[in-house]
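*Asks:* Next up is a structure, given as structure tokens.
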Amino acid sequence: MRLHVAFLPSLMAPGRAGWGQGQICLVVDVIRASTSLVTIVERGASRILIAGDVSAARQAAVSGSDVILAGEEEGLAPAGFDYGNSPVELARAPLRGRPVMFVTTNGTAAIRAVKDADTVLVAAMRNGAAVCREAWREATARGADLAVVCAGREGGFSVDDAYCAGYLVDSLLRSGSAEMTDGASAALRLYQSEPDTLAIFSQSAAGRNVVRLGLPDDVAYCAQRNVSDVVPALGRELSLLESSLQVKAAARERPP
């Protein structure tokens, strides 16, 4: 079994070293999309639709009055959205039994980038142990490789995602042995270099931006470890918006 960390989704593009459809992918956008997705599932949302962009989310929400719009554009809730990408805010939101349309700058794009992998799981510090247990179980059962995919920040490296990836590598290796790529080794060394998660998150560009937006509690929330057993998965709790629309269209066209 190979264990890989891609510091950007583009490094997992088909044809690049380390890519394979048989992989189990753990997608990380720890500040804040992957943490928010874990929280949305915890709040009992009936399903989560991952939109391609804000415009697509708005258009699709018009046809479903029960749909909750959540996400961000330049860090804050776009106009007309019910909630932003604040996991602290979402942790108080009445979401039980409601569908949620979700879109962010980096995190949802990363999920969409690896949608063809056999399994796509959403990972954060908060659900680290749980997501690693499920990923290891899946990889072992299928004889598949494991890849932690960092969303990054607007096309560049993000130290918070890389640190979380190192934490996940450390957690995965507690289940057994794997052949680490250089990316996995680098992420693990970064994680081992700093025991204080909140300190490194607060110093990161993503963390500083969230504080600048007036949401410092989000950073502390994202830094908490192993407080959730929720593991959002594409095709289970999550689905791509266009896939859901295609299913509905096919159902309408089916003869009675």
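The values are calculated or read from the model by the stated rules, or taken from the named source; none is laboratory data. Owing to the predicted nature of the structure, the values given are computational and were not obtained by experimental measurement. Here Cβ is always computed from backbone atoms with ideal geometry, including for glycine, and neighbour counts include all displayed protein chains.
*Asks:* For Asp145, work out the one condition from (1) charged (D, E, K, R); (2) within 26 Å of Gly84 (Cβ to Cβ); (3) surrounded by 18 or more Cβ atoms within 10 Å (Cβ to Cβ) it doesn't fulfil.
*Replies:* With (1) charged (D, E, K, R); (2) within 26 Å of Gly84 (Cβ to Cβ); (3) surrounded by 18 or more Cβ atoms within 10 Å (Cβ to Cβ) applied to Asp145, the lone miss is (2).
*Asks:* On to the next question. Filter region 65-85 for residues that are over 16 Å from Ile48 (Cβ atoms) and among the hydroxyl-bearing types (Ser, Thr, Tyr) and give the result.
*Replies:* Within region 65-85, just Ser65 meets the criteria.
*Asks:* I would also like to ask the following. For region 15-22, does any single residue satisfy the condition of being of a type in the set (A, V, I, L, M) and at pLDDT 95 or above?
*Replies:* Among the residues of region 15-22, not one is of a type in the set (A, V, I, L, M) and at pLDDT 95 or above, which makes the answer no.
*Asks:* Does Arg133 meet the test of being more than 12 Å from His4 (Cα to Cα) and either touching a residue at least 24 places away in the same chain (Cβ under 8 Å) or of a type in the set (S, T, N, Q) (or both)?
*Replies:* yes
*Asks:* Given the residues Thr140, Thr105, which is the only one that is hydroxyl-bearing (Ser, Thr, Tyr), surrounded by fewer than 24 Cβ atoms within 10 Å (Cβ to Cβ) and out of contact with any helix residue (DSSP H, G or I) (no Cβ under 9 Å at 6 or more places or on another chain)?
*Replies:* Answer to the selection: Thr140.
*Asks:* Moving to a separate point now. On the basis of being modelled with pLDDT under 95 and either over 17 Å from the mean Cα position of the chain (by Cα) or acidic (Asp, Glu) (or both), does Ala56 make the cut?
*Replies:* It is true that Ala56 is modelled with pLDDT under 95 and either over 17 Å from the mean Cα position of the chain (by Cα) or acidic (Asp, Glu) (or both).
*Asks:* For residues in region 62-87 being of a type outside the set (S, T, N, Q) and closer than 25 Å to Val148 by Cβ, which is surrounded by the fewest Cβ atoms within 10 Å (Cβ to Cβ)?
*Replies:* Top of the filtered list is Gly75.
*Asks:* Give the number of residues within region 41-52 that are more than 13 Å from Val67 (Cα to Cα) and within 16 Å of the chain's Cα centre (by Cα).
*Replies:* Adding up the residues that qualify gives 3.
*Asks:* Show the residue pairs that are 6+ apart or on different chains and have beta-carbon atoms under 8 Å apart, the first residue being within region 142-171 and without any contact (Cβ under 8 Å) to a residue 24 or more places away in the chain, the second being surrounded by fewer than 24 Cβ atoms within 10 Å (Cβ to Cβ) and in a helix (DSSP H, G or I).
*Replies:* So the pair list comes out as Asp170/Leu188; Asp170/Tyr191; Asp170/Gln192.
*Asks:* Looking at Gly97 and the list (1) surrounded by fewer than 21 Cβ atoms within 10 Å (Cβ to Cβ); (2) under 16 Å from Asp29 (Cα atoms); (3) in contact (Cβ under 8 Å) with a residue 40 or more places away in the chain, which single condition is not satisfied?
*Replies:* (2)
*Asks:* Of all helices (runs of 4 or more DSSP H) completely enclosed by region 146-256, which ones contain at least 3 residues that are at pLDDT 95 or above?
*Replies:* Hits in region 146-256: 159-173, 182-193, 197-203, 205-212, 216-223.
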